[in-house]
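The values are calculated or read from the model by the stated rules, or taken from the named source; none is laboratory data. As the structure is a computational prediction, the values presented were derived from the model and not from experiment. No Cβ is skipped: glycine too gets one built from the backbone with ideal geometry, and neighbour counts run over all protein chains shown.
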Amino acid sequence: MRPKYEPKKSNFPAKMAMWDFNHCDPKRCSGKKLERLGYIRGLKVGQKFSGLVVSPNGKVPVSMADADIVESFGAAVVECSWARLDEIPFSKIGGRHLRLLPFLYAANQTNFGKPWRLNCVEALAACFALTGHFDWAALILEKFSWGHVFLELNADLLEAYSECPDVESLKKVEAEFLHRVEMGETVANFGGFEDEEEEEEEEGAEEDEEEEDEIPINALVIGTGEVKEIESELTEESEEEYDEYGI
């Protein structure tokens, strides 16, 4: 008879939990890895969580206004397949503090560079960074060989979001970023919040140069067409994919 698996226990400063629906390959599942390491606790359908819960039923994004909730009660996510969200009984899981995640890019090996396609550890790291705990985010991401890339890709965005004192100001920052992406701008570090004067100086310098400037390795260039393509995919598959919720 095989002995019952007992996960380790960690001294992580915040509570973490997940509802695991066993959709993913256990060897590649970030949630299961965190559970094996003792960082996260598994929840059953019907159980509620008292902390922050990343869920499509949320009405507002995670922000600095949620810092007290995360510090006192932690954060929880749903471990499931993006293609099988319609199977998840969201009405039977969750809690009092349901939240969305703002626009961020995935760094995981399956969905690298795709907006909103965060896995469990990225969603949890985002919750911590958005409430001012970048050290907590780095601590859980360091357990994955690619983990540090998530913070690097979203460095400017996470910093800008974390400086917003409330939901409304965060939404404005997110809208500004999305507008610039739709205009086809090059956004360094996947953020690119620069001063207008600096932008004007750079534009003038570019006009005087005959050769094209080199694009930074970690830069993102998204044209309007690509943005429309992403939007159309979300519209056509709205019942199956809740990309913006970062589950």
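Being in contact with a Cys (Cβ under 8 Å, 6 or more places away or on another chain) and surrounded by fewer than 23 Cβ atoms within 10 Å (Cβ to Cβ) is true for just one of GLU163, GLU87, GLU168. Which residue is that?
So the residue among GLU163, GLU87, GLU168 that is in contact with a Cys (Cβ under 8 Å, 6 or more places away or on another chain) and surrounded by fewer than 23 Cβ atoms within 10 Å (Cβ to Cβ) is GLU87.
In the stretch 89-137, what residues are in a strand (DSSP E or B) and within 14 Å of the chain's Cα centre (by Cα)?
ARG99, LEU100, TYR105, PRO115
Hey, can you tell me all the residues within the stretch 4-21 that are modelled with pLDDT under 90 and more than 17 Å from LEU118 (Cα to Cα)? Full working, then the answer.
We begin by selecting, within the stretch 4-21, every residue modelled with pLDDT under 90; these are 4-13, 20-21.
Hits for the stretch 4-21 are LYS4, TYR5, GLU6, PRO7, LYS8, LYS9, SER10, ASN11, PHE12, PRO13.
Out of LYS92, LYS59, report the one residue that is among the basic types (Lys, Arg) and modelled with pLDDT of 90 or more.
None of the others qualify; the one that does is LYS59.
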